[in-house]
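Please read the structure below before turning to the comments.
Where a number appears in this text, it was derived from the coordinates with a stated rule and is not lab data. Small disclaimer: the values here were computed from a predicted structure and weren't measured. Because the Cβ atoms are built from the backbone with ideal geometry, glycine has one as well, and the counts that use them run over all protein chains shown.
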Amino acid sequence: MNSWQVILSGWACMVVVMATLWGVQRVRGDAGIVDVAWGLGVGFLGAQFSALSAVGDPARRLLIAAMAVLWALRLSAHIAVRLTRLPEDGRYQSLKEHWGARAQWNLFLFFQLQAFWSMLFALPMWLAAQNPLPMWQLLDGVAVVIWLIAVSGEALADRELSAFRHNPAHAGQVCQRGLWRYSRHPNYFFEWLHWWAYVCLAAGSPWGGLALAGPAAMLYFLLKVTGVPPTEAQALKSRGDAYRQYQRTTSVFFPWPPQRGASE
């Protein structure tokens, strides 16, 4: 198969997967399963595109496939564990309430949109795997460093928040420890940073500059659509003035020392 056939077949596979999982969430009553599938979909499609349709240096293709799969397994495993321990994400509860009788139909469309985005977010990995330059170029090393910092930082932020939430003494409080002292969404920041690794790996590829669409799109979605806005709305709903104070003193996205008046 040529590149477009591989890409379209990957999208078709995700369409089927997301349709199936939509049925599962109807039974379980928890739409958060879509987040598990999105991460796995992007990672494994990225690895598939790199292995089956890219024509770049074989060593770099293998590196990209490994990076994609390991990132996806870490992220999706974390979300899957969270699904077993916590009620449905407040974002999805709010959407269901807002949509009312059309909730399930809208959720089906939402799941299919995630199938489409899984395919699109795998394309920067494919662009990087097209790079014909032999390993190791300087930017290959930079990419690996970025990937390690990003995945480790996101894992640490997730672990800190999980530990905070599972301590009964912190009920109703706002996590301002560790990385969460410097950013209200450090997990989102490191997720965004991760996509810059593929930009570096794509340097030298035909159309490699298009890999910039990965971090650009991720930044838009995190800051304007599916990340910060619904998360903060839910936090304000559940934590009220405590979260408003956190908003006044702590950077929304990029890690930065808190302003005076932040809680210790």
Helix-only CD estimate at 222 nm, as mean residue ellipticity for the chain, using -39500 (n - 2.57) per DSSP H run (n ≥ 4): -23500 deg cm²/dmol
Length-normalised contact order for the chain - Cα pairs under 8 Å, 6+ apart - percent: 21 percent
Three-way shape label, the stretch 1-79, alpha-carbon gyration tensor, a/c 1.5: oblate
Between the stretch 104-167 and the stretch 169-184, the Cα center-to-center distance that results, in Å: 24 Å
Footprinting exposure proxy for HIS98, HIS170, HIS78 (fewest neighbouring C-beta atoms within 10 Å first): HIS98, HIS170, HIS78
Sorted by Cβ density within 10 Å, fewest first, the residues MET14, MET119: MET119, MET14
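Determine, for CYS175, CYS200, the number of other Cβ atoms within 10 Å of each Cβ, and report the residues in order from fewest to most.
Going from sparsest to densest Cβ surroundings: CYS175, CYS200.
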Spin-label model distance (nm) - LEU212 vs ALA171, 7 Å beyond Cα toward Cβ: 5.1 nm
Most to least packed among 226-234, 82-90 [average Cβ atoms within 10 Å]: 226-234, 82-90
The stretch 229-261 versus the stretch 206-226: alpha-carbon centroid distance in Å: 24 Å
